[in-house]
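Quick note: the coordinates plus some simple rules give every number you see, no bench work behind them. All values reported here derive from a predicted model rather than from experimental measurement. Ideal geometry is used to build each Cβ from the backbone, glycine not excepted, and the neighbour counts take in all protein chains shown.
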């Protein structure tokens, strides 16, 4: 079969690229052996955000019980003991929602005239793929096969689950060990804690090491606020007990028992079985596809977008990259490329964390300690204003970083607190547009809001 464009991977980046190419009357096929939607729809952003929202609603109801009890006819119903979430019932509704998304994606491909091949494609050469015995050829091929969880190579690793397995849980484990300190571990830990699990997080170095560390310190405090235990160290062995519980031995030879162990120690490119050795596509030492600023790989006519290119593993980034490749190739826009600077990101923790631009550590390294200014504020949000006792209050924290040598242009903004997830898009626009501290100061704020 001869096509104009072949796309390996039916996730966010691949589908976006395929549909955009089809807009220019190109013959396009997408290869996906699993459900359409990729990591984001099936075992990532979407189910995670649905669980975050459910736990957030539960916590809001519990918060009502911590307000003035005399406001309510029966405040005793608004207690954690009376607000136990039935995870199995929620899972049915969440999974049904995702099934609807599968149909929407399939309908979108059909309406665009894109052929969906249900299988895993492999390269025969730079312009030829094979899938289930059928040969497909095109002058342009895009690799958008995504990533998968990294699994620690320790004895008993088969007894642990990853973030993929997390979404198969039908009840919250009583005792959970979360291995890892990145954004995935942070989000899943707080969801489980909100569902009533006794969560322990073991971190080799520091929490949220790629984020601003003052922000990470606030998140560390929030862990304690939610009853999450922080450990510094490594798990070196997992043994399964006769009753099904798990004994984990740590690097200091101590051990503890858990009902569930989750490895959230990063992700790796999903390229292992693409037979790239039959092409001129090269990988770096992290097994990530090498691409230039236009998403070109080292093979003519082969491109890579999304998690496989090792840049920024976010769904909107993959979508933008996929569409940009198709616009450049098929719509005669040869200089078009993705701007990977100042991309806002959010950790859906409780409360959420938002970040865009340089962290304080990165800004000092690039511009020099004396050439940046730091502005920050910390306060209790109005949402918590009637909570009795400061110990029950989640603090809101904002931090702005500016370049003193460039009219105090804002080069970083970081926040933690209720609602910051919805604020960060506007901040990202402002920083991308080159806003200075003066621009922020001259903008009259909305009151009363955290922003």
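What to note about this one:
- Rounded to 5, percent antiparallel among DSSP beta bridges of the chain: 60 percent
- When only Cα pairs below 8 angstrom with a gap of at least 6 residues are kept, the chain shows a relative contact order of 16 percent.
- Share, in percent, of DSSP beta bridges within the range 157-265 that are antiparallel, nearest 5: 40 percent
- Tilt relative to the chain, helix 87-112 - C-alpha long axis, 0 to 90 degrees, to 10: 30 degrees
- Crossing angle, helix 12-23 versus the chain [Cα axis fit, 0-90 degrees, rounded to tens]: 40 degrees
- Debye intensity ratio I(q)/I(0), log10, the chain, q values 0.10 Å⁻¹ (C-alpha model): -0.84
- Backbone N atoms of the range 145-182 closer than 11 Å to the 7 Å Cα→Cβ label point of residue 99 are not found in any residue.
- Anisotropy class of the range 1-130 from Cα gyration tensor, a/c 1.5 cut: prolate
- Extended-chain gain in nm, criterion 0.36 nm per residue less alpha-carbon gap, residue 284 and residue 240: 12.1 nm
- Anisotropy class of the range 140-252 from Cα gyration tensor, a/c 1.5 cut: rounded
- Rounded, prolate or oblate (a/c below 1.5 giving rounded, otherwise prolate when a/b exceeds b/c) for the range 335-405 by Cα gyration tensor: oblate
- Relative contact order (%) - the range 157-265, alpha-carbon pairs under 8 angstrom, separation at least six: 36 percent
- Sequence-distant contacts, meaning Cα pairs under 8 Å at least 6 residues apart, place the relative contact order of the range 60-185 at 17 percent.
- On Cα atoms only, tilt of 315-330 relative to the major axis of the chain in degrees: 20 degrees
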